[in-house]
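Chemist: Got a structure for you, written out below as structure tokens; questions coming shortly.
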Amino acid sequence: MAEYFVLNTGARIPSVGLGTATGKAEPGVVGAAVYAAVKAGYRHIDCAPQYRNEKEIGLTLKKLFEDGVVKREDLFITSKLWSGNHAPEDVPEGIDTTLEDLQLEYLDLFLIHTPIRSKKGAIPTPENFLPVDIPATWGAMEKLYHSGKARAIGVSNFSCKRMEDLLAIASVPPAVNQVESHPGWQQMKLRELCKSNGVHISAYSPLGKPGSPGSMGKGFLSNPIVVSVAEKLQKTPAQVALRWGLQMGHSVLPKSVNETRMKENLSVFGWSIPEDLMAKFSEIPQVKTLRAEFVVHPQGIYKTVEDFWDGEI
Ligand code: A2P
């Protein structure tokens, strides 16, 4: 298994990237994590303005370049268009702010963060949502691609239905759909659809966000199948989960601010899960961890979680 996948643009996306949505991390923690990760060999950093740490990551990237740890072209940097910038005229500002904060000239990948549009500058709560117009937003994303500011464009949190609608109108097909994916939420239908249309899946929360309320404790990492595969292969459940993702053809974006766990999460090459053990993963109960209940409101655009995910939950 190579340490990268090839996108429909011809560019290589590293198979393992560092997620940076670290929630309430103290200032400095994410910057230090990115520095340590790149030193440890990570080459893909997954960012977003919504994580409220792009300035800190920008300072770290600058330091990594100044210290000669890596060059810009050695890294693959992803960021995302936030919901308040969906209007076509606001899309360029979305990427420009991110590029300024990250102190970069271009992104390797720019994604529509979520199929939610909110009023510009407003808190993204249901009363501030507007109906999405993905064809219009995508048209502006395509312009960014042609300008070279975004070397690949894609989407995140798109259901099969939304992917089909987008593929039907796109002149530049999306390179990536970044979604929750792990052994406890395998996304088989979406995976088949993306694969047959040349769209790469990047998996966020590939460990199922252990410890978060949605994942109920360790989540699927304590599932007996995952644990027994890990024991057989003398790996940790987290490594088995990540390796499963790679063997399914996804890049994986585990989050960690802990250097030991970061290194553990990168040690997923040079071994594999044999086919007979891969087959056992189909028995793992499927539970979506990140259901996005916060988008739902009885009078809002999404009245139920099922509405938001087009019933694919
Ligand atoms: P920490 O930052 O202390 O390492 P996900 O990427 O699925 O959303 O999961 C992120 C969470 O998983 C973080 O709380 C992170 O905590 C934890 N984590 C990261 N790597 C591992 C690992 N190898 N084993 C167990 N937990 C991990």
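Chemist: Show me the helices of the chain, taken as full DSSP H stretches, that run 27 Å or more along their long axis by Cα and average 1.0 or above in Kyte-Doolittle hydropathy. Intermediate values should be presented prior to the final figure.
Modeler: Numbers: long enough: none.
Span-like helices in the chain: none at all.
Chemist: Just want the ordering: Lys161, Lys24, Lys189, from fewest to most Cβ atoms lying within 10 Å of their own Cβ. All intermediate terms of the calculation are to be shown ahead of the outcome.
Modeler: Values: Lys161 14, Lys24 5, Lys189 11.
In increasing order of surrounding Cβ atoms, one gets Lys24, Lys189, Lys161.
Chemist: Continuing with this model, one more query. Add -39500 (n - 2.57) for each DSSP H run of 4 or more in the chain, then divide by its residues: what number comes out at 222 nm, to the nearest 500 deg cm²/dmol?
Modeler: -10000 deg cm²/dmol
Chemist: Please compute the net charge surrounding His200, taking Lys and Arg as +1 and Asp and Glu as -1 over other residues with Cβ under 13 Å from its Cβ. Please report the intermediate quantities before stating the final value.
Modeler: Working: positive: Arg12, Arg191, Lys195; negative: Asp108.
Surrounding charge for His200 is +2.
Chemist: So how many Å³ per residue does the convex hull of the Cα atoms of the chain work out to? Present the calculation step by step, with values, prior to reporting the outcome.
Modeler: Numbers: hull volume 39.7 nm³, N = 313.
Spelled out: Cα convex hull of the chain, divided by residues, is 127 Å³.
Chemist: Continuing with this model, one more query. For Lys195 and Gln299, compute 0.36 nm times the residue count separating them, minus their Cα-Cα distance, and round to one decimal in nm. Walk me through the intermediate numbers first.
Modeler: Working: separation 104, 0.36 × 104 = 37.44 nm, distance 3.63 nm.
Length difference between fully extended and current span is 33.8 nm.
Chemist: Mind telling me which of Pro126, Pro27, Pro183 comes out most flexible in a GNM of the chain, alpha-carbon contacts under 10 Å?
Modeler: Pro27
Chemist: So what is the relative contact order for the chain, in percent, with contacts set as C-alpha pairs under 8 Å and at least six apart? Display every interim value, and only then the final one.
Modeler: On the way: 568 pairs, mean separation 57.0, N = 313.
Contact order relative to length: 18 percent.
Chemist: Right, something else. Let me check the size of segment 1-105 from its C-alpha atoms; what are the radius of gyration and Dmax in Å?
Modeler: 14.0, 41
Chemist: How would you rank Ser79, Ser171, Ser156, going from fewest to most other Cβ atoms within 10 Å of each one's own Cβ? Mind showing how you got there, number by number?
Modeler: Details: Ser79 30, Ser171 9, Ser156 22.
Result, fewest neighbours first: Ser171, Ser156, Ser79.
Chemist: For the chain, set up a GNM with springs between Cα atoms under 10 Å and report which of Ala136, Ala279, Ala238 has the largest fluctuation.
Modeler: Looking only at Ala136, Ala279, Ala238, the biggest GNM fluctuation is shown by Ala279.
Chemist: So who's got an amide H within less than 5 Å of the one on Tyr302, skipping anything under 5 residues away but keeping other chains? H placed 1.01 Å off N, in plane.
Modeler: Correct list: His297.
Chemist: Shifting gears a bit: Give me His146, His86, His297 ranked fewest to most by other Cβ atoms within 10 Å of their Cβ, as a rough exposure proxy. Mind showing how you got there, number by number?
Modeler: Working: His146 11, His86 25, His297 14.
Fewest-to-most ranking of His146, His86, His297: His146, His297, His86.
Chemist: Same structure, new question: Compute the normalised compactness of segment 255-300: alpha-carbon radius of gyration over 2.2 N^0.38 Å, N being the residue count.
Modeler: Values: Rg = 17.8 Å, N = 46, 2.2 N^0.38 = 9.4 Å.
For segment 255-300, the normalised Cα radius of gyration comes out at 1.89.
Chemist: Once you have the Kirkwood Rh of segment 68-124 from its Cα pairs, apply Stokes-Einstein at 37 °C and 0.692 mPa s and quote D in µm²/s. Before the final figure, lay out each step's value.
Modeler: Numbers: Rh = 12.3 Å.
The diffusion coefficient I find is 267 µm²/s.
Chemist: Turning to a different aspect of this structure: Could you check what % of the DSSP bridge pairs in the chain are antiparallel, to the nearest 5? Intermediate values should be presented prior to the final figure.
Modeler: Values: 6 of 32 bridges.
Looking only at bridges with both residues in the chain, the antiparallel portion is about 20 percent.
Chemist: Could you tell me whether segment 88-221 comes out rounded, prolate or oblate from its Cα gyration tensor? Rule is a ≥ b ≥ c as square roots of the eigenvalues, rounded for a/c under 1.5, then prolate if a/b exceeds b/c, otherwise oblate.
Modeler: The shape class here is prolate.
Chemist: Averaging sequence separations of C-alpha pairs under 8 Å and six or more residues apart, then dividing by the length of segment 28-174, give the relative contact order as a whole percent.
Modeler: Numbers: 227 pairs, mean separation 31.5, N = 147.
Rounded, it is 21 percent for segment 28-174.
Chemist: Turning to a different aspect of this structure: Could you sort out which of Lys143/Lys195; Lys24/Lys63; Lys189/Lys288; Lys80/Lys189; Lys39/Lys235; Lys24/Lys288 sit more than 20 Å apart by Cα distance in this structure? All intermediate terms of the calculation are to be shown ahead of the outcome.
Modeler: Values: Lys143/Lys195 25 Å; Lys24/Lys63 23 Å; Lys189/Lys288 14 Å; Lys80/Lys189 24 Å; Lys39/Lys235 23 Å; Lys24/Lys288 22 Å.
Beyond 20 Å between Cα atoms: Lys143/Lys195; Lys24/Lys63; Lys80/Lys189; Lys39/Lys235; Lys24/Lys288.
Every read-out reported here was derived from the displayed coordinates using simple, explicitly stated rules and does not represent laboratory data. Keep in mind that what you see is a predicted model, and the values were worked out from it rather than measured. Virtual Cβ from ideal backbone geometry, glycine too; neighbours counted across all protein chains shown.
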